[in-house]
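The values are calculated or read from the model by the stated rules, or taken from the named source; none is laboratory data. What you see is a predicted model; the values in this text were computed from it and never measured. Cβ placement follows ideal geometry from the backbone for every residue including glycine, while neighbour counts extend to all protein chains displayed. Calculation scope for accessible area: heavy atoms of the full protein, side chains included, ligands and nucleic acids excluded. Shrake-Rupley method; radii C 1.70, N 1.55, O 1.52, S 1.80 Å.
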Amino acid sequence: MTTAGRAPVLVIGGGIGGLTLALLLLERGVPVKVFERTADPREVGAGLLVAANALKVYRRVGVEDALLGAGAPLREGTLKVPSGKVLSSVDVADLATRVGAQSLGMHRGTYHGILLRAVPADCLVLGEELVRYEKSNGQVVAHFASGRVERGSMLVGADGVHSVVRKQLDGGQWTPPRDAGESCWRGLAPADCIPADHPAQWAFTETWGDSVRVGLIPLGNGLLSWHVYFRPWTEPFPDEAGGPRSPERQELLRARFLEILGRWHDPIPAIVAAGDFDALLRTENRDRPPTDRWSDGRVVLLGDSLHPITPNIGQGAALAVEGAAVLARAVAEESDPRAAIARYRKERQRRVAFISWLSHGVGPWASSGSRVMRALRNLGTRGTPQWLAVACSEQIYGYDAL
Ligand SMILES: Cc1cc2nc3c(=O)[nH]c(=O)nc-3n(C[C@H](O)[C@H](O)[C@H](O)COP(=O)(O)OP(=O)(O)OC[C@H]3O[C@@H](n4cnc5c(N)ncnc54)[C@H](O)[C@@H]3O)c2cc1C
């Protein structure tokens, strides 16, 4: 396919999905421009799992090594209960051999920073916020808050969970994202708050309690990440905890978290005690059920704008990366953008629906407030044969989007 004289693909949103798509399109010779509303993207966020199904995509654009060098390769994934008893464990190092890529723990800001630096400066426009698009003579016209107007062969809304593109595309059928019934606190701690040979330095652990669950992810670069999910009716913070950042607020939060988690298994209390409570982030977990509206002519959605999922299985960004790989391939191989969009949707629909469903279902199961449900959960998880756990992991991590 010739790309000479072709109007660029306009990508709205320079997050993980948008930047990954830009890299993949450029690698295939397709002109692209990314518009990001933030003028000065900083390395913000907390810990993230860069799963094997996402990491292997970056091999194609020469970014895999930078990511490997900046994160912590995971060797094990373990589910526990607060006493420390193991419910299930997967050998992630062995899984990496089976699926052909590692899974990494990484600071989200580091990940985003690597992608930002990999995209050529002349393809990335910062500080431009899309307000609407219009379709005109076989092209798409993007209108920005600054008054800027850009024309492209197609427009990709990679503008996240509160997508402006989706709102316009859905029109009168637009609804806000769904409340998944959980809040999430995400924090960081120095890795040296626990011994260098502690398994938490190389294992992902999630511990399922009564209406609360705690995750630990090593991030490399001397950092560990911890997250706590609460079913909302149990979230036990006084009002001051949501107030402005201050040393008093930090100590209030630390004391409250230690009250709740202080008797959970090692090393949770040590990590919480050493946590940086100023950097603590709180979000509501939200998602959307799968939709039939993926596109509007030459306008298409990618990543969280299309399928925000709960963070329960660490696959939200990975789905955006997979989608970017499939869309880039389709755009490069089809001369008509609408044919490319149709191919992208056909290839992705079942996978997206499956992962969204799985991720949504894990929340109430993993943080149940019912004693009976927890007993069933623990019994069911412990009783799952190892071959089945490995097969499920391969289903998620083994997907090849390229
Ligand atoms: C608590 C939590 C934990 C998570 N953990 C994991 C994990 O371990 N692994 C994983 O794979 N995923 C995880 N995720 C999900 C992951 O963060 C998202 O799925 C991923 O960031 C989606 O990427 P995206 O590019 O679609 O959207 P985003 O990363 O949200 O990027 C959207 C971008 O668009 C920009 N933008 C928005 N509107 C406009 C506009 N009008 N004009 C221009 N620019 C605009 C925004 O500034 C932003 O930069 C987690 C999410 C949460 C909430």
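Things to note:
- Principal axes of segment 1-110: Cα extent on each, largest first, Å: 62, 33, 22
- The chain - share of DSSP beta bridges that are antiparallel (%, nearest 5): 70
- In the assembled protein chains, TRP294 presents an accessible area of approximately 10 Å² (probe radius 1.4 Å).
- Largest to smallest accessible area among ASP276, ASP287 [probe 1.4 Å]: ASP276, ASP287
- Using only the C-alpha atoms, the convex hull of segment 80-216 corresponds to 224 Å³ per residue.
- Acute angle (nearest 10 degrees) that the helix 386-397 long axis makes with the longest principal axis of the chain, alpha-carbon atoms: 30
- Degrees separating the helix 371-383 axis from the principal Cα axis of the chain, which is the longest one: 80
- Backbone geometry of segment 53-58 corresponds, through the Karplus equation with coefficients 6.51, -1.76 and 1.60 at θ = phi - 60°, to 3J(HN,Hα) couplings of 5, 8, 4, 5, 5, 6 Hz, x marking Gly and Pro.
- Full-extension gain in nm, LEU281 to ARG371, via 0.36 nm per residue minus C-alpha separation: 29.5 nm
- Computed from the Cβ-Cβ distance with R0 of 30 Å, the FRET efficiency linking ALA93 to ALA391 stands at 0.95.
- Mean Cα-pair separation over length for segment 239-395, i.e. relative contact order, pairs under 8 Å, 6 or more apart, %: 16
- Taking every protein chain into account, the accessible area of the chain amounts to 42 square angstrom per residue (probe 1.4 Å).
- Pairs beyond 23 Å (Cα-Cα), from LYS33/LYS346; LYS33/LYS167; LYS33/LYS135: LYS33/LYS346
- On Cα atoms only, tilt of 337-366 relative to the major axis of the chain in degrees: 10
- At most 14 other Cβ within 10 Å, DSSP loop - GluC sites (Glu not before Pro), segment 33-72: GLU43
- Carbon + sulfur, % of accessible area of the chain - ligands and nucleic acids excluded, 1.4 Å: 53
- With 5 Å bins from 0: P(r) over segment 184-228, alpha-carbon pairs, percent: 6, 23, 31, 22, 13, 5, 1
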